[in-house]
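Undergrad: Take this structure, written in structure tokens, and hold onto it; I'll ask about it next.
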Amino acid sequence: MSKADAFTVPIQLTFNKSTTYQSALSGFFSILIYATSILYAIHILLQWSQGDLLPKSSTTTGTLQTLQVQFEKGFFELGIMNSSLSQNPFAQENNLLLPLLFKFQNGQSTLIGPIFSNSTSGYLNLDSLTLSYNQETDDEVQYFFIITSCTAKYIQSYGTCASKDKVDTYIENISSLIDLKIKIKQFNPKTQKYDTITKRQLLAFERKYVFYSQLSFQVTKVQTNDGLLLDDLHDYTYINNYEISNQIVSANFSNQYEGTQTLGFFYLRLDSLQVSQNIQYPKIGEVFASIGSIIQVLFMASYLFKFINQQLFEYEFVETLLSIYYEQWKNIKQSGLIPFYPDKIELNDKQIDGKIYKKFRQKAQDQMINKLDLINLINHIIKIEQLLIDISSKEQLNNIVNKKLSINFMKQDDYDKCQIIPINDEIQSASHSITNLNNLPQFFTFDELITLFDYQ
């Protein structure tokens with residue numbers, strides 16, 4: 001039954017009552033690595049929870065098939081800078097310049113109505129507009145926005161015009177700049193909301209020239225995936241940019257609206273190109289994988305510290321064995337930054353030549369390593385058995401083999417007297433009993449060792 005045991009426990013030897021060798025140096029760096037790993041993991045998790053980790057993003061550009069976009073109110077703002085009159089030219093009463101908005105669809109234009117500005121700044125705003133594009137049917141919804149002189153024909157009942165002399169005088173003397181402000185949006189991956197940006201254009205505005213500006217709005221579609229474990233998709237569509245192209249048109253083009261003096265045209269349409277963006281936010285598995293990869297890099301230093309521990313263990317192990325063979329070895333003082341590479345060696349307050357010391361120590365270390373070989377140990381045990389057979393009678397050997405310790409319930413005084421002989425005493429006692437035997441391998445005596453050192 002025991003042969004089928006799947007939970008076997010390995011049998012290990014110990015050194016200084018421990019099955020492992022540990023050093024203060026590697027312990028310090030182990031704590032440092034653990035602390036760094038924990039702090040880094042907390043830092044990454046906080047970044048992830050606050051949306052500071054950069055998501056994966058891919059962008060493609062393609063042609064629109066069909067799309068409809070509605071602009072928010074106030075996306076289009078227009079005013080005249082450095083006006084020669086303090087009066088607002090776009091005022092609803094005593095109007096000088098009349099902005100007209102036309103809807104253009106299926107080759108036909110429809111007057112939406114005049115646009116006025118009653119604010120003290122003189123800037124006018126367009127209400128929300130809907131632009132559409134259809135590549136298959138060419139059914140597009142576009143808008144014309146023109147600036148003309150005020151006439152009763154177009155202002156109708158929406159307001160009143162200033163006198164004709166004032167209107168003509170203003171137009172003849174006008175030489176200024178049109179300040180055009182258009183609000184576009186940018187998607188903020190961190191907050192997953194829109195950031196509004198105002199782009200500004202300054203256009204020359206005077207009676208001698210009639211400007212024509214075409215505004216092509218670029219549409220962006222964003223799909224985000226911010227699921228914790230599984231996909232959680234969200235779609236966003238918005239205007240993220242526009243292109244403006246300006247040109248000067250002839251008088252024939254500008255006089256197509258009878259009874260008015262047209263000074264400028266704005267043509268608003270959707271661009272046929274669309275930008276598609278896919279944003280993939282890090283999932284919990286990717287976050288832990290990122291943390292794990294950095295921690296693995298940190299723990300690569302473990303190979304270095306294992307090497308250092310191996311060197312320290314071999315050094316301390318050899319020191320322990322040499323102290324057993326040579327009691328005076330403990331009197332040797334070594335100093336240096338690296339324990340197993342001492343810079344200064346002293347014995348009885350006298351400095352020892354480091355090269356001779358290291359040579360002797362290396363030789364002793366090699367001998368001990370050879371003696372600790374499994375085959376070598378078995379060989380030594382066999383020799384000890386042969387030695388006992390040679391120096392003991394058959395009866396003595398039987399007594400040694402069959403001798404057993406008896407266990408009795410002892411008094412407290414007897415219990416206090418019970419003790420185990422330390423290993424150094426056992427080895428020293430054994431060494432005294434066999435010092436005259438020639439068959440056992442011997443190290444240098446301490447006196448012989450002293451003669452090897454070159455005192456300075």
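The values are calculated or read from the model by the stated rules, or taken from the named source; none is laboratory data. In this text the structure is predicted, and so the values were computed from the model without any measurement. Don't worry about glycine lacking a Cβ; one is built from the backbone with ideal geometry, like all the others, and counts go over all protein chains shown. Just so you know, the surface numbers come from the protein's heavy atoms only, side chains and all, with ligands and any DNA or RNA stripped out. Shrake-Rupley method; radii C 1.70, N 1.55, O 1.52, S 1.80 Å.
Undergrad: Could you go through the stretch 356-371 in sequence order and give the Karplus-derived ³J(HN,Hα) for each residue, using 6.51 cos²θ - 1.76 cosθ + 1.60 with θ = phi - 60°, rounded to whole Hz, and x for Gly and Pro?
TA: 5, 4, 5, 5, 4, 5, 5, 5, 5, 5, 4, 5, 5, 4, 5, 5
Undergrad: What distance in nm lies between label points placed 7 Å from Cα along the C-beta direction at Lys371 and Gln70?
TA: With each label point 7 Å from Cα toward Cβ, the separation is 9.5 nm.
Undergrad: Rg and Dmax of the stretch 36-131, Cα atoms, in Å?
TA: 24.4, 74
Undergrad: Tell me, what is the per residue accessible area of the stretch 172-327 in Å², probe radius 1.4 Å?
TA: Solvent-accessible surface per residue comes out at 54 Å².
Undergrad: Something else now. Roughly how far apart, in whole Å, are the Cα centres of the stretch 225-242 and the stretch 11-76?
TA: 23
Undergrad: From the square roots a ≥ b ≥ c of the eigenvalues of the alpha-carbon gyration tensor of the stretch 152-194, which class results: rounded (a/c under 1.5), prolate (a/b over b/c), or oblate?
TA: Cα axes put the stretch 152-194 in the oblate bin.
Undergrad: In whole percent, how big is the carbon plus sulfur part of the accessible area of the stretch 280-393, probe 1.4 Å, protein atoms only?
TA: 61
Undergrad: Mean separation of Cα pairs under 8 Å and 6+ residues apart, divided by the residue count of the stretch 133-274: what relative contact order is that in percent?
TA: 31
Undergrad: Give the long-range amide H neighbours of Lys221: residues separated by 5 or more places, or on another chain, with amide H under 5 Å away, using H modelled in the peptide plane at 1.01 Å from N.
TA: Counting only residues 5 or more places away or on other chains, the set is Val275, Ser276, Gln277.
Undergrad: Residue-wise, which Karplus ³J(HN,Hα) couplings in Hz belong to the stretch 128-142, taking 6.51 cos²θ - 1.76 cosθ + 1.60, θ = phi - 60°, and x for glycine or proline?
TA: Once θ is set to phi - 60°, the couplings for the stretch 128-142 become 4, 10, 10, 9, 9, 9, 9, 6, 6, 9, 6, 8, 10, 10, 10 Hz.
Undergrad: When N counts the residues of the stretch 26-66, how does its alpha-carbon radius of gyration compare numerically with 2.2 N^0.38 Å, as a ratio?
TA: 2.22
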